[in-house]
Amino acid sequence: MHRTLLAALLLSGIGFAQPVPTLQARPSANAGTTVLPTEDTVNSFLFQMFGYDPSVTWKVTEIRPSEVPGLAAVSIVITNAQGSNPNRLLISADGKSAITGDILPFGSKPFDDARAKLEKGVNGPAKGPAKAPVTIVEFSDMQCPHCQKAAPVIEQLLAQEPGAHFVFQNFPLPSHNWAEKAAGYIDCLGRASAGGASNDAVWKFIQKTFDEQANITEANADEKLKAIATGSGANGEEIAACAVKPDTKARIEASLVLGKSVGVNGTPTLFINGRNVPGGAPVELMKKIADFQASQK
């Protein structure tokens, strides 16, 4: 996950081309307490800063209040020769300053708030003991190449932490054209597994989809995902029908809202007992954090 790509571009002087067509910002219940910049203002800012270089384009995907009162969060997808990556700007209340980078929780128990939100809000497939000293929550996107690369590292972590509780949360990015469809399959497979079907089906589907990621396109996603679901031991037709139901889409939206409420702005993002850990971190580091968090009361 390249959360700092925007900051690197800002500091290096690498520019942006004219913006590609953008998505409309979603309204928020907290919008009244935060002054939100317009999409035109954001695009004008980026163009004035870096419009001299036509090699990079951007797309504004969302403008909403951030998790910090008074700061607006602007989500941007940046595309360059290396691919597309999500980034975020934080805009001050007076509209005169922009901040790049992560917001860190602060206090004597900095991770308790995120941990409580996750414990209450997770709705994805889970494995491992429910009452565990360590809970690992991953926000992931099946079309995300960084998630694909992180998957075996996370499996190594879980193998080294057999007593941990693991939850997979859907976080399909708007820049990916079949990720939300795959998220629907995962949600339905997870619920089917919890209802008595083979609990391995959803995990097999996730792994097989990552394995096939390069071969899946917007045009063939229905065919590919249905076949992968069948090959994972589920009824592909039933899962495909479930994946497009309104309640499934509502559950995916709830997962997106949950992720944003704890500061997720890219994938993969892991939380170990509420502590945000980049999904691309080495397994040795993640294990140290998991063991340390397990020791905290």
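The values are calculated or read from the model by the stated rules, or taken from the named source; none is laboratory data. From a predicted model like this one, the values you see are computed outputs, not experimental measurements. Virtual Cβ from ideal backbone geometry, glycine too; neighbours counted across all protein chains shown. Accessible surface areas use protein heavy atoms only, side chains included; no ligands, DNA or RNA. Shrake-Rupley method; radii C 1.70, N 1.55, O 1.52, S 1.80 Å.
Shown in residue order for the range 78-89 are the 3J(HN,Hα) couplings computed by the Karplus curve 6.51 cos²θ - 1.76 cosθ + 1.60 at θ = phi - 60°: 9, 10, 9, 5, 8, x, 10, 9, x, 9, 9, 10 Hz (x for Gly and Pro).
In the context of the full protein assembly, residue 36 retains an accessible surface of approximately 60 Å², using a probe radius of 1.4 Å and ignoring ligands and nucleic acids. The angle between the Cα long axis of helix 283-295 and the main principal axis of the chain comes to about 80°, on a 0 to 90 degree scale. Sites count as exposed loop sites when they are chymotrypsin sites (Phe, Trp or Tyr not before Pro), lie in a DSSP loop, and have at most 13 other Cβ atoms within 10 angstrom; the longest stretch of the chain without one is 107-297. Taking 26 Å as the straight-line reach from the Cα of residue 59, the lysines in range (excluding those fewer than 8 positions away in the same chain) are 96, 149, 181, 249, 260.
Can you compute the charge dipole magnitude of the chain about its Cα centre, using +1 on each Lys and Arg Cβ and -1 on each Asp and Glu Cβ, nothing else charged? Give it in debye, rounded to the nearest 20. Working shown, then result.
Working: 27 positive and 28 negative charges, 125 e Å.
Charge dipole of the chain: 600 debye, to the nearest 20.
Separation of the range 218-241 and the range 260-280, taken as the distance between their Cα centroids, equals 28 angstrom. Computed per residue of the chain from DSSP H runs no shorter than four, each worth -39500 (n - 2.57), the mean residue ellipticity at 222 nm is -13000 deg cm²/dmol. Straight-line reach from residue 287: taking Cα to Cα under 19 Å and skipping same-chain neighbours fewer than 8 places apart, the aspartates and glutamates in range are 138, 155, 161.
Roughly to the nearest percent, how much of the accessible area of the chain is carbon and sulfur, given a 1.4 Å probe? Carbon plus sulfur share of accessible area: 56 percent.
Nothing charged except the Cβ atoms of Lys and Arg (+1) and of Asp and Glu (-1): what's the magnitude of the dipole of the range 97-237 about its Cα centre? Round to the nearest 20 debye. Don't skip to the end; give the middle numbers.
Working: 13 positive and 17 negative charges, 72 e Å.
Computed charge dipole of the range 97-237: roughly 340 debye.
A 1.4 Å probe run over the protein chains yields, for the chain, 49 Å² of accessible area per residue, whole-number rounding.
Comparing 286, 213, 89 along the charge dipole axis of the chain, the residue lying farthest to the positive side is 286, per the Cβ-charge model. Model label sites at residue 261 and residue 247, defined 7 Å from Cα along the beta-carbon direction, differ in position by 2.1 nm. How much length is gained on full extension from residue 40 to residue 160, taking 0.36 nm per residue of separation minus their Cα-Cα distance? Working it through step by step, the gained length comes to 38.3 nm. The structure-derived value of Kirkwood radius over Cα pairs in Å appears in the list (1) 20.6; (2) 20.1; (3) 19.2 under the label (2).
Roughly how tilted is helix 221-231, in degrees to the nearest 10 and between 0 and 90, from the longest Cα axis of the chain? With rounding to tens, the tilt is 30 degrees.
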